[in-house]
1. May I ask you to compute the full-extension gain from residue 184 to residue 102, defined as 0.36 nm times their residue separation minus their alpha-carbon distance, rounded to one decimal in nm?
2. Rounding to the nearest 20 debye, state how big the charge dipole of region 2-203 is about its Cα centre with +1 on each Lys and Arg Cβ and -1 on each Asp and Glu Cβ.
3. Can you give me the convex hull volume of the Cα atoms of region 1-75, divided per residue and expressed in Å³?
4. Which of the GluC sites (Glu not before Pro) found in region 57-156 are in a DSSP loop and have at most 16 neighbouring Cβ atoms, other than their own, within 10 Å?
5. Compute the signed sum of charges (Lys and Arg +1, Asp and Glu -1) over the other residues within less than 9 Å, Cβ to Cβ, of residue 190.
6. Normalised by the number of residues in the chain, what is the relative contact order in percent for Cα pairs under 8 Å and 6+ residues apart?
7. Among 100, 28, 83, whose Cα sits farthest toward the positive end of the charge dipole of the chain (+1 at Cβ of Lys/Arg, -1 at Cβ of Asp/Glu, about the Cα centre)?
8. When only alpha-carbon atoms are used, what values of Rg and Dmax, in angstrom, describe the chain?
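Taken together, the values in this text are just the output of simple stated rules run on the coordinates, not laboratory data. Everything numeric here is computed off the predicted structure, so don't read it as measured data. Ideal geometry is used to build each Cβ from the backbone, glycine not excepted, and the neighbour counts take in all protein chains shown.
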Amino acid sequence: MGDSFEIARSRMVAMQLAMRGIHDARVLEAMRTVPRHLFVPPAVRHYAYTDQPLTIGEGQTISQPYIVALMIQMLSLQGHEHVLEIGTGSGYQTALLCQLARHVYTLEYYPRLAGRADRILSRLGYENLDIHVGDGSQGLPDMAPFDAIIVSAAAPALPGPLRSQMTETGGRMVIPVGSRQDQHLERITRQHNTWQIEQTERVRFVPLVGRYGFHASSDAADDVAGV
Ligand code: SAH
């Protein structure tokens, strides 16, 4: 995709991703081609390829490029997967997933963000996706199971419905789990009735809202109907 940000994007891939251990060639290639600057508000466009999260409206943020790449790499996508994304936000990560998997179902809580992401994604020609507005903490039972699930907002505990919507043999999920202030990225792999959980990188995401997310008055996991 020829555009004036191509050099900034290549530099981002080399300095922020490859040098920090992102090694999946398909992920690096997708990050080299998706025009991140088109997904952020015009006021912060010139920071699109810098090593930081950016605001996207409705109090939400687009994660820094490294975290997006890391989470997608943790899903080990080969190209044939049905993916569920919770937290469409700007639609940037959705575009990357569309390039890396067969079909992407993405759920966003705020209609305005979903509408904006939808317009940009269709202008860029992505067709292998469905955007839904609603509470992603409950997943999308009608379309389940999913080979891969990626959650871009912090959950107080692993939401039970998402766990059960993973493909039985080798389904995987990446999700930040912890308190409002501080979480760890977890990778969950399912084999039938066994869910293996690996805790990795320390991260800080905006809170997941909705039934299995954080509630306005609480900080703790114990008042949510968790796993
Ligand atoms: N992946 C996004 C990052 C979005 S930030 C990007 O590339 O821009 C996290 C997003 O999760 C926000 O847009 C927020 O509105 C959304 N979110 C939070 N709780 C949600 C829920 N229960 N269901 C769906 N979306 C949710």
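1. Numbers: separation 82, 0.36 × 82 = 29.52 nm, distance 2.79 nm.
The residue 184-residue 102 span can extend by a further 26.7 nm.
2. On the way: 18 positive and 20 negative charges, 90 e Å.
That gives region 2-203 a dipole magnitude of about 440 debye.
3. Spread over its residues, the Cα hull of region 1-75 gives 86 Å³ apiece.
4. Numbers: sites: 58, 81, 85, 108, 127; in loops: 58, 81, 127.
Here the GluC sites (Glu not before Pro) that fit, given the DSSP loop and packing criteria, are 58, 127.
5. On the way: positive: 163, 172; negative: 168.
In short, +1.
6. 14 percent
7. After comparing all options, I get 28.
8. Values for the chain (Cα only, Rg and Dmax): 16.4, 50 Å.
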